Amino acid sequence: GPDDSYFVWKKNGQKMKACITEQSHMLFDGRVHVLSWVKDSVSENTEYKCSFISKMGNTTSEVRITVEDKGSAGQDGWTKEFDKWRSAISEHDKMMQNWRKTW
């Protein structure tokens with residue numbers, strides 16, 4: 001990633017400033033691995049956009065979270081899926097910390 005690169009997070013079109021985590025790690029060939037994510041809770045349908053911006057170019061990822069009734073039959077499935085994602089992010093964070101210690 002170029003030195004001028006940065007992330008911009010938007011929630012329902014509004015720029016976010018809180019709940020954002022960023023990590024970067026230098027690779028052997030001089031490139032940089034960068035990652036950013038948001039920890040947030042929603043009670044209504046919400047759209048998130050993450051833009052990675054630099055002088056070399058820009059890219060944007062979008063996701064829409066649809067909130068269902070708490071009594072919905074899909075709630076258990078969502079809870080399990082959320083736990084899987086939380087576990088994956090935690091594992092990635094541990095891996096990044098180990099890389100940082102090693103290098």
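Among the residues of the stretch 14-33, what is the count of those that are more than 15 Å from the chain's Cα centre (by Cα), modelled with pLDDT of 85 or more and open to solvent by less than 50 Å² (accessible area, probe 1.4 Å)?
The qualifying residues number 0.
For the list (1) more than 23 Å from R100 (Cα to Cα); (2) touching a strand residue (DSSP E or B) at 6+ places or on another chain (Cβ under 9 Å), I need the number of the one condition that M56 fails.
(2)
So, S36, is that one in contact with a Pro (Cβ under 9 Å, 6 or more places away or on another chain), surrounded by 10 or more Cβ atoms within 10 Å (Cβ to Cβ) and at negative phi or not? Talk me through it step by step, then tell me what you get.
On the way: in contact with a Pro (Cβ under 9 Å, 6 or more places away or on another chain): no; surrounded by 10 or more Cβ atoms within 10 Å (Cβ to Cβ): yes; at negative phi: yes.
Here the answer is no, as S36 does not meet what is asked.
Suppose we keep only residues that are exposed (fewer than 14 other Cβ atoms within 10 Å of the Cβ) and closer than 22 Å to R86 by Cβ within the stretch 48-66. Which one would you say is modelled with the lowest pLDDT?
Top of the filtered list is T66.
The values are calculated or read from the model by the stated rules, or taken from the named source; none is laboratory data. The structure presented is a predicted model; accordingly, all values stated were derived computationally and were not measured. Glycine also receives a Cβ, built like all others from the backbone with ideal geometry; neighbour counts cover every protein chain displayed. Accessible surface is based on the protein model in full, side chains and every heavy atom, while ligands, DNA and RNA are left aside. Shrake-Rupley method; radii C 1.70, N 1.55, O 1.52, S 1.80 Å.
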